[in-house]
Amino acid sequence: MIEVAASLAEAELLSLWENGSWLDTAGRALVLAEAGGGAEPGTAAELPIGERDAILLSLHESWFGRRLRCAVTCPSCQGRLETEVSTVDLRVPVGTGGPVSADGVELDVRPVSTADLLAARDRRALLLRCVRSARKGERAISPAELPEEVLEAVAAALPELDPQADVSLGMSCASCAHEWGAPFDIAGYLWAVLDTHARRLLYEIHELATAYGWTEREVLSVGPARRRFYLEAART
Ligand SMILES: [Zn+2]
């Protein structure tokens, strides 16, 4: 278990939000994973996605608690469902890879990393990046020689080789009784929570700066209880 900062200072929250605002989903996942004592700076991209996501779960626990509220659309009746899960229930083993055999070929396969997703130009290239080695009998096989069927076996094995990268929520629709597993993405979820907190804080800063002529730094230097008082006073 990694040691992450127990709380997120407001100035740090705003700086994280600003750094991530310009990035796509993968970039935000990396910025978050390297925040608060998670992954070492510059290393998150190389981590298996399951390991990266385990760090993001720890960050959510430290900063915002264990409870996660999710809204999901039922794929059968399109009804809107709300559910609450604990980060504890979303923790599964972090994989490091393992053997895959198909068509007489024995492969050693590693889990997908964020760097793989960013670098691979297509699905085949992504799967090939994850093959550490391949042999048929005594003969080593080069990646270029691997037939599609073998690569499909690699693709099929990936969720099992890195279970934490492929988490889903067991859902049951109250309206139509449909049951399914809804994919859960902690990177997108944690960013959305951070985004909500950052925007709420920025609106508070805006309101107090406008009312009292304070700078952003001055607003942030006022403690939460006094800030709440000044906000209420400014609104009356
Ligand atoms: Zn339904």
| said: Need the full-extension length gain, S221 to D122, defined as separation in residues times 0.36 nm minus the C-alpha distance. One decimal, nm. | reply: 30.8 nm
| remark: Under the helix-only model (-39500 (n - 2.57) for each DSSP H run of 4 or more, divided by the residues of the chain), the mean residue ellipticity at 222 nm, to 500 deg cm²/dmol, is -14000 deg cm²/dmol
| task | Run through all the Cα pairs of segment 122-236 and give the fraction in each 5 Å bin from 0, expressed as whole percent. | result | 2, 8, 12, 10, 8, 7, 7, 7, 9, 9, 7, 5, 4, 3, 1, 0, 0
| request: Return the whole-Å distance between the Cα centroid of segment 190-236 and the Cα centroid of segment 22-52. | output: 28
| note | Diffing segment 82-94: the Karplus 3J(HN,Hα) column from phi (6.51, -1.76, 1.60, θ = phi - 60°), in whole Hz with x for Gly and Pro, holds 10, 9, 10, 10, 9, 4, 4, 6, 9, 8, 10, x, 8
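Multiply the residue gap between S133 and R66 by 0.36 nm, knock off their C-alpha separation, and tell me the result in nm, one decimal place.
20.2 nm
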| said: How large are Rg and Dmax for the chain when calculated on the C-alpha trace, in angstrom? | reply: 22.4, 81
| note | Mean separation of Cα contacts under 8 Å (at least 6 apart) over the residue count of segment 98-161, i.e. the relative contact order in percent, is 39
| Can you pull the Kirkwood radius for segment 98-161, inverse mean 1/r over Cα pairs, to one decimal in Å? | 11.7
| request: Obtain the nm distance between the two label points defined at E232 and E40 by a simple spin-label model: each point lies 7 Å from its Cα along the Cα-to-C-beta direction. | output: 4.9
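Since every read-out is calculated from the coordinates, none of them should be taken as a lab result. Computed from a predicted structure; not experimentally measured. Using ideal geometry, Cβ is built from the backbone for each residue, glycine included, and neighbour counts are taken over all protein chains shown.
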